Amino acid sequence: MKILVINCGSSTLKFQLVETTADSASMGRPHKLARGLVDRIGGPASCHFEVAGSTPVENRLTVDDHEKAVALVIQWLNSMPELRSIDAVGHRIVHGGDQFTTAAWIDDRMVESLDSLCELAPLHNPAGVSGIRAARKVLGSTMPMVAAFDTSFHHTLPETARTYAIPREIAQKHGIRRYGFHGLAHQYSVMCYGQLTAMPPEQINIVTLHLGNGCSACAIRGGTSVDTSMGFTPLEGLVMGTRSGDIDPAVVPFLARKEEVSADEVENWLNKRSGLLGLSGISNDMRELTAAYNQDPRARLAVDVFCYHARKYLGAYLAALGGADAVVFSGGIGENSPLVRAKICADMGWCGLRLDSAANDALIGSDGCIAQPRSAVKAYVVHTDEESIIARETARVLTERTK
Ligand code: ADP
């Protein structure tokens with residue numbers, strides 16, 4: 001089955017064309033045919049299209065909206081006989097609220113439900129929903145489409161982990177609870193760890209650390225999420241590229257008063273001007289900060305605060321789980337930075353976690369074990385592939401409907 005996976009941001013459209021087989025439905029490693037990105041939608045955009053194994057095509061074109069972007073992608077795919085005739089489209093949607101605990105078939109009513117969820121996730125969902133509307137307009141509403149959610153994997157959070165200690169009536173009235181995000185990435189880490197260790201999902205007890213521009217930790221018991229660091233929004237938890245992660249909530253009204261700005265503006269600072277960028281004053285990119293680590297005290301502090309927070313969550317989740325078999329790193333930083341992994345796992349012998357420093361230094365951008373053979377708690381690195389999960393879920397929902 002040929003599935004077009006679409007991931008829309010407010011001014012971007014990322015896509016992959018993947019081929020799933022009956023085998024990949026269970027193993028989750030579909031064959032990648034093509035990929036691409038339309039960036040800076042809303043004006044002169046840059047378009048990057050790439051057939052697997054070939055030289056990428058770069059274009060600059062005016063792309064007014066997501067509909068134009070989808071039309072461009074389809075036009076490009078149709079220009080190559082081997083990429084024509086898509087069977088289905090899988091969309092990534094950040095927030096599924098309480099309704100969507102698994103990937104769901106898209107029809108008119110479903111799009112209306114997604115519209116109502118935009119209130120809960122105003123910074124993230126509208127782009128995904130406009131991607132769906134655009135794809136339905138360009139491909140017709142008879143094209144099978146499925147939405148996969150970043151929150152779904154966390155629908156198993158127990159009440160104690162998902163409940164904030166605020167007045168219950170207020171929390172219930174406004175749907176305020178820990179939803180958790182990055183679920184597709186954490187789900188992929190579980191699946192990949194299962195493949196690397198030949199372990200069935202129900203026996204997998206691990207802590208996953210997804211460290212990219214956005215970062216989150218997840219405590220996994222029996223292959224399911226039982227706690228996670230992002231909460232009501234993706235702002236909570238670990239230090240991220242530009243997001244603060246955990247801070248005292250009293251800072252928000254304090255800063256609003258002192259700086260004479262709205263609470264929305266302070267939230268904007270916490271989302272866009274904080275984290276590694278705010279700490280270092282240099283960059284949100286971990287590559288630049290680790291390169292400057294020995295020369296620049298602000299870069300060093302940013303990296304150290306980042307690693308310290310991740311390490312605290314690792315310790316907390318080991319306690320929440322009553323021990324775990326492994327910590328699994330993923331995301332651009334988790335996959336590529338031996339320094340960050342070493343700092344997070346340093347002096348963790350107390351819980352039986354011992355990194356193999358040569359393996360840690362050598363493993364960059366691929367899957368494998370970086371712990372010593374006798375380490376009681378292992379450490380693994382996996383190269384995240386959220387699109388595989390979206391494609392697999394799309395194929396599953398489609399197959400179930402046609403049974
Ligand atoms: P996103 O969350 O946007 O999907 P990624 O998972 O691609 O982001 O991660 C992007 C981040 O990965 C970059 O900001 C960069 O800091 C980090 N990164 C990529 N390569 C390296 C590297 N070699 N060393 C350290 N950090 C890296």
Counting only residues 5 or more apart in sequence or on a different chain, those whose built amide H sits under 5 Å from that of ALA34 are LEU17, ALA52
Here the alpha-carbon Rg of region 193-381 over 2.2 N^0.38 Å rounds to 1.07
Computed from the beta carbon distance with a Förster radius of 41 Å, FRET efficiency for MET143 and GLU259 to the nearest 0.05 stands at 0.25
Given a Förster distance of 30 Å, the FRET efficiency implied by the Cβ-Cβ spacing of ASP285 and HIS383, rounded to the nearest 0.05, works out to 0.95
With LEU353 itself left out, Lys, Arg at +1 and Asp, Glu at -1 over residues whose Cβ is under 10 Å from its Cβ give +1
So, for the Cα atoms of region 187-268, Rg and Dmax in Å stand at 17.2, 57
Expected vector for region 5-12, Karplus 3J(HN,Hα) from phi with 6.51, -1.76, 1.60 and θ = phi - 60°, integer Hz, x for Gly and Pro, equals 9, 10, 10, 9, x, 4, 10, 9
Taking R0 as 35 Å and r as the Cβ-Cβ distance between ASP304 and ALA250, the FRET efficiency 1/(1 + (r/R0)^6), rounded to the nearest 0.05, comes to 0.90
Counted neighbours (other Cβ, 10 Å), sorted fewest up, put LEU117, LEU301 in the order LEU301, LEU117
CD proxy, 222 nm, the chain: helix-only mean residue ellipticity via -39,500 (n - 2.57) per DSSP H run with n ≥ 4, per residue, nearest 500, stands at -12000 deg cm²/dmol
Quick note on PHE49, PHE306, ordering by fewest other C-beta atoms within 10 Å, gives PHE49, PHE306
From the Cα centre of region 337-377 to that of region 39-95, the distance in Å is 38 Å
Along principal axes, largest first, the alpha-carbon spread of the chain in whole Å comes out as 56, 55, 46
By the Cα gyration tensor axes a ≥ b ≥ c (a/c under 1.5 gives rounded; else a/b larger than b/c gives prolate, otherwise oblate), the shape of region 2-149 is oblate
Residues meeting the amide H criterion for MET145 (H placed from the backbone, H to H distance under 5 Å, 5 or more places apart or on another chain) are VAL89, ILE106
Out of GLY281, ALA320, LEU77 - ranked by how far each Cα lies towards the positive end of the dipole of the chain, with unit charges on the beta-carbon of charged residues - the top one is ALA320
Of region 163-188, those with amide N under 17 Å from the point 7 Å along the Cα→Cβ vector of ASP98 are 163-180
Largest fluctuation, ARG35, ARG257, ARG136 only, Gaussian network model of the chain with Cα springs under 10 angstrom, belongs to ARG257
Amide H neighbours of ALA379 at under 5 Å, excluding residues fewer than 5 places away on the same chain, with H built from the backbone geometry, are VAL327, ILE370, ALA371
Most exposed to least, judged by fewest other Cβ atoms within 10 Å, LYS403, LYS378 sort to LYS403, LYS378
With +1 on the Cβ of every Lys and Arg and -1 on the Cβ of every Asp and Glu, the dipole magnitude of the chain about its Cα centre, in debye rounded to the nearest 20, is 320 debye
Given unit charges at Cβ for Lys, Arg (+) and Asp, Glu (-), the dipole magnitude of region 248-393 about its Cα centre in debye, nearest 20, is 580 debye
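Read the figures in this text as sums done on the coordinates, not as results from a lab. Keep in mind the model is a prediction, meaning the values are calculated, not measured. As a convention, Cβ positions derive from the backbone with ideal geometry for all residues, glycine included, and neighbour counts pool all protein chains shown.
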